[in-house]
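The values are calculated or read from the model by the stated rules, or taken from the named source; none is laboratory data. Quantities reported herein were computed from a predicted structural model and do not represent experimental measurements. Here the Cβ is made from the backbone with ideal geometry for all residues, glycine too, and neighbour counts use every protein chain on show. Accessible surface is based on the protein model in full, side chains and every heavy atom, while ligands, DNA and RNA are left aside. Shrake-Rupley method; radii C 1.70, N 1.55, O 1.52, S 1.80 Å.
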Amino acid sequence: MDVLAEVLRVSGARGGLGVMLKAGGTWGLWLDSPPGAALHVVSRGTMWLHVTGEKPLQVQAGDAVLVPPGTAHGIAGGAGMTMGSCDREAAARSFADGRPLRLGSAPVQTEVIVLRYEQDPEVRTPVLTSLARPMHVTARENAQLRRTVELLAAELAQPQIGTTAAINSIVDLLLVQFVRAWLARHPQEQSGSWLGAMRDPVVRDALACVHAQPEHPWTTETLAAATSVSRATLSRRFRSALGQTPGAYVTQWRIDLASVRLRDTDDPVEAISGAVGYGSPHAFSRAFRRARGTAPGEYRSRLRR
């Protein structure tokens, strides 16, 4: 079971091109609390990332930095630049016609590709939303990521037949490559996030069991046996990595799966309850109401309205 792939699929953590920035001279742009995660990829020159309360971060050509959802931040040509607010109308026009958004003055010294990643709001498993601070991967840390950035820049520079499909695929690939590189190089920054939990082999194996068979009657004891550790060890490692018990995670994931199926399919509640591991529709309805504050049928009706 590729846990990351499965969670990205169910959570709908898909990316899209925001805008291509071309800047020179003195420039700065402040972005107020974007709803999704933002991945800033520098294809040329140098950019500085500004987040309130943190030291400005230099991001050079070939580097990428992922900013958690809802994090107000600024990007600029220097560490002490004054940043203006984003002209959303100009950004929308640039996105619509495929032209770069120009900042500062000529000549162009820095080029930044801004990508957006959003997660299905009905899925509570925090793939991206648990990130506490920006994640930075440098070009020297990962040659594969650098080559993918170069491929994306080339597609944007010379659009041709199939470019839209190619860009969408590259954007999704960039997220996976970015996560791989970050996990490999930044173990000290991983505690407390879902992505960081992938570094703990015990927790990762337990998650693989849950995601491969969500309908199985998992308990802390059966998960511990499946991962060849004691119940106490599994509980301790789970709390350290994810801040919750194994049982709480199993319930969370089952409710996520059920929520998506209730919204996107016409499957009967009885069928969904069995598919996500509940022995009876009554037990499922009780668990669903605790998690979502409403009964499954009412939840389905509300979303479809």
Estimated [θ] at 222 nm from DSSP helical runs (n ≥ 4, -39500 (n - 2.57)) normalised by residues in the chain, nearest 500
-14000 deg cm²/dmol
In Å and on Cα atoms, what radius of gyration and Dmax does region 127-235 show?
18.4, 57
Charge tally in the Cβ shell below 15 Å around Thr251, where Lys, Arg are +1 and Asp, Glu are -1, Thr251 excluded
+4
How big is the Kirkwood radius of region 101-166, worked out from every pair of different alpha carbons and given in Å to one decimal?
15.4 Å
Output the Kirkwood hydrodynamic radius of the chain, Cα pairs only, in Å rounded to one decimal.
21.1 Å
If Lys and Arg each add +1 and Asp and Glu each add -1, what is the summed charge of the other residues whose beta carbon sits under 13 Å from the beta carbon of Glu118?
-1
The chain: antiparallel bridges as % of DSSP beta bridges, rounded to 5, reads 85 percent
Tilt, helix 88-97 to longest principal axis of the chain (alpha-carbon atoms), in degrees rounded to tens, equals 90 degrees
How far is it, in nm, from the label point at Arg231 to the one at His216 when both lie 7 Å from their Cα along the line to the Cβ?
1.8 nm
Provide the per-residue ³J(HN,Hα) series for region 55-67, in order, calculated from phi with Karplus coefficients 6.51, -1.76, 1.60 and θ = phi - 60°, each as a whole number of Hz, with x at glycine and proline positions.
5, x, 10, 7, 10, 9, 3, x, 7, 9, 9, 9, 9
Dividing the Cα convex hull volume of region 33-93 by residue count, how many Å³ per residue is that?
97 Å³
Going by alpha carbons, how many degrees (0 to 90, nearest 10) lie between the helix axis of 163-185 and the longest principal axis of the chain?
70 degrees
Whole number in Å², please: accessible area per residue of the chain, 1.4 Å probe, ligands, DNA and RNA not counted.
48 Å²
Output the peptides 55-67, 262-274 sorted from most to least packed, where packing is the average of other Cβ atoms within 10 Å over each peptide's residues.
55-67, 262-274
Rounded to a whole number, what % of the accessible area of the chain do carbon and sulfur atoms account for, probe 1.4 Å?
50 percent
